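Undergrad: Take a look at this one; I'll ask things after.
The values are calculated or read from the model by the stated rules, or taken from the named source; none is laboratory data. The structure displayed is predicted, hence computed values, not measured ones. As a convention, Cβ positions derive from the backbone with ideal geometry for all residues, glycine included, and neighbour counts pool all protein chains shown.
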Amino acid sequence: MGSRVVFATAIAVSVACSSSPQAPAPPAIDDSCAGPCPRSKIKHVVVVIQENHTFDNHFGRYCTAAAGSMPTCNDGPACCERAPDSDASGHTPIVLDDAAQAFHDPDHTVACETKEMDGTLMDRYATTLECGGPENLAVADAKTVQPYWDLAKTGALADRYFQPEIGQSSANDMYFARASHVFDDNAFEPKGAFGSPCSLQSAKVAEYTDTTIGDLLSAASVPWAFYVEGYDAQATAQRAGKCAERTDACPGNVNFSPCTFEPGDVPIEYFPSTRDNPKFIRDLSALDADLASGALPAIVFVKALGYHSEHPVARTRITDGVTFVSSIAQRIWASRYRASTLFLLTYDEGGGYWDHVTPPASPDAHAYGTRVPTLALGPFAKKNFVSHVVMEHSSLVAFLEWNFLGGVGQLKTRDAQVHNLGSLIDAQAAGVAVPE
């Protein structure tokens, strides 16, 4: 399955803001600020966005508290709820392993998921005739996701982190940019973006000119970027009037997603201010060079190709996603940035899989979907901790505003209404208490 990531539980942090970047050889502590110095000692944030799994999918057998018990403690697996042995309709979850997800992709449109959630009952995932089925109840075993369970013990696990709205990936990805609803499901591809003509996701295209968190960061001279696997191959092919071809490593054997770059999974591609701008979107291959040269932006988003993202069907494997995430983390911890980085792992949405926890009311008219797995890792994360604070992708935007821009709510969307990330962060390590 690939080596497990081992995070240092005690890394000396000495971070003094300086006017000129320092470039010690790795793994020395990074003591520069990539742009204006942030409010806390967290000078870099790396966010890996995986796809289409619920909290119960990955942590339903890690947690040991009784389902429905709503534990208030925070110390490890005994303080989060185990997935029930059956749902309210009496169906028993299957074991979610590589074979189980390779050929089944649950319907996760707004229409279907709304029926399956059945108000607050969460009981029709197996029985909704139009789009449900017993395979939608699936909980991974230790053999498949043990590395994620090991990571949870070294960091902070959020057991009340919800997908921002019911429905498919692109709609939820937009919250990383806008902290708000933009469109339903995968309704549009980004207009004019590399890869849009090669996508099977939607025949419709759209672009938007609303202010994004990226625009705010750029205006404040805070560097940021998406590192996207397969981006250069798609861009090069399209410049030649073609679509990218799959690599031999992709098990799907198709010349489109999950084997090639999908622009609809990268929210900044919908905005002309950032679309295909090499300052803000880079091929994943640039990550190692930027780590080595000291050019890592303050905020980094990482997006895998579909077959590394854990998105079900087309012969994708969860274990390939685990290996991908582990590889990104290992690169960060082996670099000069290890002592200044908060590492976050989250999932765009739950993929139509069952989760037993009823979502709370959202801040607006667009209802929350299921919980998704979310981990905070590295020297700033609380250790073996379970947070019960309600969060979502807009919470990440709020944290970036608070830490790098001086105050939350600057987009005037959910960023002004949701909880921040403070329940995941060690105040002593960060040098300041991050708001919850």
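Undergrad: Is there any pair linking a residue in segment 365-393 that is surrounded by fewer than 19 Cβ atoms within 10 Å (Cβ to Cβ) to one that is at pLDDT below 95 and part of a loop (DSSP other than H, G, I, E, B), with Cβ under 9 Å and at least six apart or on different chains, and which?
TA: Lys383/Thr9
Undergrad: Name the residues in segment 147-194 that are assigned to a helix (DSSP H, G or I) and of a type in the set (Lys, Arg), would you?
TA: Matches in segment 147-194: Lys153, Arg178.
Undergrad: With the checklist (1) more than 17 Å from the chain's Cα centre (by Cα); (2) β-branched (Val, Ile, Thr); (3) crowded, with 20+ Cβ neighbours inside 10 Å in hand, flag the one item Thr341 doesn't pass.
TA: For Thr341, the exception is condition (1).
Undergrad: For the structure I just gave you, tell me whether Arg246 is touching a residue at least 40 places away in the same chain (Cβ under 8 Å), in a loop (DSSP other than H, G, I, E, B), of a type in the set (Lys, Arg) and surrounded by fewer than 21 Cβ atoms within 10 Å (Cβ to Cβ).
TA: The answer is no for Arg246.
Undergrad: While we're looking at this one, here's another question. Please find, among His108, His91, the residue that is in a loop (DSSP other than H, G, I, E, B), under 19 Å from the mean Cα position of the chain (by Cα) and buried (at least 18 other Cβ atoms within 10 Å of the Cβ).
TA: Exactly one of His108, His91 is in a loop (DSSP other than H, G, I, E, B), under 19 Å from the mean Cα position of the chain (by Cα) and buried (at least 18 other Cβ atoms within 10 Å of the Cβ), namely His108.
Undergrad: Here's another thing I want to ask about it. Taking segment 346-390 as the search range and keeping residues that are part of a strand (DSSP E or B), of a type outside the set (S, T, N, Q) and touching a Ser or Thr at 6+ places or on another chain (Cβ under 7 Å), which one is nearest to Asp173 (Cα to Cα)?
TA: Of everything passing the filter in segment 346-390, Arg371 is nearest to Asp173 (Cα to Cα).
Undergrad: Hey, among Phe176, Phe188, which residue is in contact (Cβ under 8 Å) with a residue 24 or more places away in the chain, touching a Gly at 6+ places or on another chain (Cβ under 8 Å) and aromatic (Phe, Trp, Tyr)?
TA: Exactly one residue qualifies, and that residue is Phe188.
Undergrad: Looking at segment 290-309, which of its residues are within 16 Å of Val47 (Cβ to Cβ) and in contact with a Ser or Thr (Cβ under 7 Å, 6 or more places away or on another chain)?
TA: Leu291, the sole residue that qualifies.
Undergrad: Only one residue in Ser218, Ser199 is among the polar types (S, T, N, Q), over 26 Å from Ile166 (Cα atoms) and surrounded by 16 or more Cβ atoms within 10 Å (Cβ to Cβ), so which one is that?
TA: Ser218
Undergrad: Quick check on Ala142: is it surrounded by fewer than 17 Cβ atoms within 10 Å (Cβ to Cβ) and in contact with a strand residue (DSSP E or B) (Cβ under 7 Å, 6 or more places away or on another chain)?
TA: No, not satisfied.
Undergrad: Follow-up. So, of the residues in segment 414-428 that are in contact with a strand residue (DSSP E or B) (Cβ under 8 Å, 6 or more places away or on another chain) and outside any loop (DSSP other than H, G, I, E, B), which turns out to be farthest from Lys43 (Cα to Cα)?
TA: Once the filter is applied, the top-ranked residue is Ser423.
Undergrad: Return yes or no: is Asp185 on the phi > 0 side of the Ramachandran plot, surrounded by fewer than 24 Cβ atoms within 10 Å (Cβ to Cβ) and either touching a helix residue (DSSP H, G or I) at 6+ places or on another chain (Cβ under 8 Å) or β-branched (Val, Ile, Thr) (or both)?
TA: yes
Undergrad: Sticking with this structure for a sec: Would you call Ser202 among the small types (Gly, Ala, Ser), part of a loop (DSSP other than H, G, I, E, B), touching a strand residue (DSSP E or B) at 6+ places or on another chain (Cβ under 7 Å) and touching a residue at least 60 places away in the same chain (Cβ under 8 Å)?
TA: Considered against the rule, which asks whether it is among the small types (Gly, Ala, Ser), part of a loop (DSSP other than H, G, I, E, B), touching a strand residue (DSSP E or B) at 6+ places or on another chain (Cβ under 7 Å) and touching a residue at least 60 places away in the same chain (Cβ under 8 Å), Ser202 comes out as yes.
Undergrad: Give segment 266-312 a look and list any residue that's part of a helix (DSSP H, G or I), of a type in the set (Ser, Thr, Tyr) and crowded, with 24+ Cβ neighbours inside 10 Å, or say none.
TA: Scanning segment 266-312 gives Tyr270, Tyr307.
Undergrad: Can you pull out the residues in segment 223-259 that are among the acidic types (Asp, Glu), modelled with pLDDT of 90 or more and over 20 Å from Asp288 (Cβ atoms)?
TA: Scanning segment 223-259 gives a single hit, Glu245.
Undergrad: Take the conditions crowded, with 19+ Cβ neighbours inside 10 Å, assigned to a loop (DSSP other than H, G, I, E, B) and touching a residue at least 24 places away in the same chain (Cβ under 8 Å) and apply them to Leu411. Does it pass?
TA: Spelling it out, Leu411 is indeed crowded, with 19+ Cβ neighbours inside 10 Å, assigned to a loop (DSSP other than H, G, I, E, B) and touching a residue at least 24 places away in the same chain (Cβ under 8 Å).
Undergrad: Read through the list (1) within 29 Å of Asp210 (Cβ to Cβ); (2) surrounded by fewer than 19 Cβ atoms within 10 Å (Cβ to Cβ); (3) touching a residue at least 24 places away in the same chain (Cβ under 8 Å), then give the number of the only condition that Gln234 fails.
TA: For Gln234, the exception is condition (2).
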